[in-house]
Amino acid sequence: MKSSIHPTDYRPVVFSDEAAGFAFLTQSTAQTAETIKWEDGNEYPLVKIHISSASHPFFTGEEKIIDTEGRVDRFKARAAAAEARKEQLAAKAKKQNAKKAKKSEK
């Protein structure tokens with residue numbers, strides 16, 4: 001195995017999800033200038049995170065399908081517009097057929 005390819009600063013670090021009020025202690029090489037006093041009385045480096053298993057919708061059971069690009073809405077709008085256009089053309093054809101039928105009766 002090659003020497004000096006593995007990180008040398010692997011140490012205990014506290015990751016804190018402040019939105020959920022959740023923190024956990026694990027091993028990491030993440031760099032940070034902040035520290036926190038942990039439950040065991042020792043001081044550890046602190047890394048603040050925005051999303052953790054305590055706040056992510058997949059893990060909390062509040063998962064929703066979010067269509068950020070609006071593809072579903074655009075598809076529904078195109079389908080509704082196509083249906084409206086189809087009805088307009090059908091009404092127009094019906095009107096023209098009625099005019100032709102009237103002319104042929106005369």
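The values are calculated or read from the model by the stated rules, or taken from the named source; none is laboratory data. Note that the structure is predicted; figures quoted are calculated from it, not measured. Neighbour counts are summed over all protein chains in view; Cβ atoms, including those assigned to glycine, are modelled from backbone coordinates with ideal geometry.
Worth a mention:
Yes/no per residue for (1) in contact with a Pro (Cβ under 9 Å, 6 or more places away or on another chain); (2) aliphatic (A, V, I, L, M); (3) modelled with pLDDT of 95 or more:
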position: S3; (1), (2), (3): no, no, no
position: H6; (1), (2), (3): no, no, no
position: Y10; (1), (2), (3): no, no, no
position: A20; (1), (2), (3): no, yes, no
position: A23; (1), (2), (3): no, yes, no
position: Q31; (1), (2), (3): yes, no, no
position: W38; (1), (2), (3): yes, no, no
position: K48; (1), (2), (3): no, no, no
position: S53; (1), (2), (3): no, no, no
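- Filtered by the rule that a residue be within 30 Å of H56 (Cβ to Cβ) and surrounded by 10 or more Cβ atoms within 10 Å (Cβ to Cβ), segment 71-106 gives V72, D73, R74, F75, K76.
- Of the residues making up segment 1-57, those that are of a type in the set (S, T, N, Q) and part of a strand (DSSP E or B) are S16, T26, Q27, S28, T35.
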